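Down below is the structure, laid out as structure tokens.
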Amino acid sequence: MTTPAAEKMTSKQSIQAYYQPVLPYLDTVREKLLNIVPPESQLLAEALHHSLGTGGKLLRPVVCLLACGATGKIKDSHLETSAISEMIHIATLLHDDVLDDADLRRGKVTVRSLWGNPVSILSGDYLLAQASRKLAQVGSIRIVSIYSDVLADLCDGEVEQIRASYNLDALDWDSYYRKTICKTATLFSAGCEAAGVLNDLPEEHVQKLKQFGKNFGIAFQIVDDLLDYTSNEADMGKPVFDDLKNGLVNAPVLLALKSDQALNDTEKTEFKQVIRRFFDVDATSKNEATELVQSIQMYLGKARAIEETQALAESFITKALNAIDFLPNTPEKEALIGLGRFVIERKT
Ligand code: FPP
Ligand code: MG
């Protein structure tokens, strides 16, 4: 299904390679982000400027714009919609850093760390207000409805994550997928669905674009889960094993504890005990933490959980790419395919 041109693109290292067809529009999207209605408060303005300028990859706007370009000509409403996706994304991060007590984001100091939790939350709220304003300007009830669902999903997913965290006795793939779709996939699927709607595609094709975004987003999150175990702090801009330390029992651990042959029942019980000790270990007990990390790696290795997680991510990318088979061959479609491959091969 992957065309030779897309194969060639995947061999490139940087994600920017797949941005090419929409590169001329990204400066406009950045401008739209920076030109939101400025607040009266100087402090809020500084916090917003900090959060909007911390060098995000703009992956959500890019996927939205590629879907727009793959199905028609790029119009201002597409640029507005892709900017809305990023504004909502940044708003969630401003809130998420408060929930996670995070001092670093993308290797840079967070708004909460510089100005405190209330300013971080209110900056996020301000961005949501500006995103609502832009949504009204796009002038489509369906687009408003799509993004209202996104906001509801994001809250739903975050609360589902809180409910399931630090809980090894109720391991549940339904909960994991629900959380993943709501927290991560929703903005990708919304951007792709919106592209189809704004280009007046038949409903069947709108739904296929939505499926692309959803499966792309699930794969993206699964690889994110994986990188928490396989990457390093310098590349990720945050500590590794951070998810597990924060009680998130994500794909590699779920797969290791599910695998029928690899770990026997005694090993699974021991593995859970190690994870519980890791949840509780004091950050200052460096030696104990290192020992527990090594032990967790041993169990994951025995269960081949890293390989299985990679295969799981690949299966979702295959679903995503199958969903856009209907698109005519264009540079935008090639870039969507290339991005899909990149997302599962990325190392950061
Ligand atoms: C990052 O998660 C956070 C999200 C993808 C969504 C967070 C959602 C909320 C805080 C609730 C809804 C908020 C709004 C503004 C509607 P992570 O902690 O797993 O990833 P990270 O490593 O990037 O912090
Ligand atoms: Mg976080």
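Read the figures in this text as sums done on the coordinates, not as results from a lab. Just so we're clear, the structure is a prediction, and the values are computed from it rather than from any experiment. Using ideal geometry, Cβ is built from the backbone for each residue, glycine included, and neighbour counts are taken over all protein chains shown.
Please work out the ratio of the alpha-carbon Rg of region 189-348 to 2.2 N^0.38 Å and round it to two decimals.
1.26
Can you sort Phe216, Phe278, Phe271 by how many other beta carbons sit within 10 Å, fewest first? Spell out each step's value before the answer.
On the way: Phe216 29, Phe278 19, Phe271 22.
The most exposed by this proxy come first: Phe278, Phe271, Phe216.
Read phi for every residue in region 127-133 and hand back ³J(HN,Hα) as whole Hz from Karplus 6.51 cos²θ - 1.76 cosθ + 1.60, θ = phi - 60°, with x for Gly and Pro.
5, 5, 4, 5, 5, 5, 4
Students often get this wrong, so check it: of Lys73/Lys179; Lys108/Lys347; Lys75/Lys108, which have C-alpha atoms separated by over 29 Å?
Numbers: Lys73/Lys179 34 Å; Lys108/Lys347 19 Å; Lys75/Lys108 33 Å.
Listed pairs above 29 Å: Lys73/Lys179; Lys75/Lys108.
Per the helix-only calculation at 222 nm, which mean residue ellipticity applies to the chain, given -39500 (n - 2.57) for every DSSP H run of n ≥ 4 and division by its residues, nearest 500 deg cm²/dmol?
Taken over the chain, the calculation gives -23000 deg cm²/dmol.
Using a/c under 1.5 as the rounded threshold, could you call region 88-218 rounded, prolate or oblate? The axes a ≥ b ≥ c are square roots of the C-alpha gyration tensor eigenvalues, and prolate needs a/b larger than b/c, oblate otherwise. Could the numbers behind the result be given before it?
Numbers: a/c = 2.46, a/b = 1.28, b/c = 1.93.
Verdict is oblate for region 88-218.
For a 31 Å ceiling on Cα separation, which of these pairs sit above it: Lys57/Lys210; Lys32/Lys245; Lys245/Lys333?
Lys32/Lys245; Lys245/Lys333
Taking a cut-off of 16 Å between Cα atoms, list the lysines near Lys302, but don't count ones fewer than 8 places away on the same chain.
Answer for Lys302, where 16 Å is the Cα cut-off: Lys258, Lys268, Lys272, listed by chain and number.
Between 0 and 90 degrees, rounded to the nearest ten: what's the tilt of helix 141-164 against the longest Cα principal axis of the chain?
10 degrees
Measure nothing but the geometry: give the 0 to 90° angle between the long axis through the Cα atoms of 186-198 and the longest principal axis through the Cα atoms of the chain, rounded to 10°.
Relative to the chain, helix 186-198 is tipped by roughly 20 degrees.
Estimate the FRET efficiency between Thr318 and Lys108 by the formula 1/(1 + (r/R0)^6), using the beta-carbon distance for r and 41 Å for R0, to the nearest 0.05. List each step's numbers first, then the result.
Working: r = 35 Å, r/R0 = 0.85.
Using R0 = 41 Å, I get an efficiency of 0.75.
Hey, any idea what Rg/Rh is for the chain, computing Rh the Kirkwood way over Cα pairs?
So for the chain, dividing Rg by the Kirkwood Rh gives 0.97.
With 10 angstrom as the radius, rank Thr81, Thr230, Thr186 by how many other C-beta atoms surround their C-beta, starting from the fewest.
Arranged by neighbour count, lowest to highest, Thr81, Thr230, Thr186 become Thr230, Thr186, Thr81.
Between the helical axis of 286-302 and the dominant principal axis of the chain, each derived from Cα atoms, what acute angle in degrees is found, rounded to the nearest 10?
Its long axis makes an angle of about 80 degrees.
Counting other beta carbons within 10 Å of each Cβ, put Arg163, Arg346 in order, fewest first.
By the 10 Å Cβ count, ascending: Arg163, Arg346.
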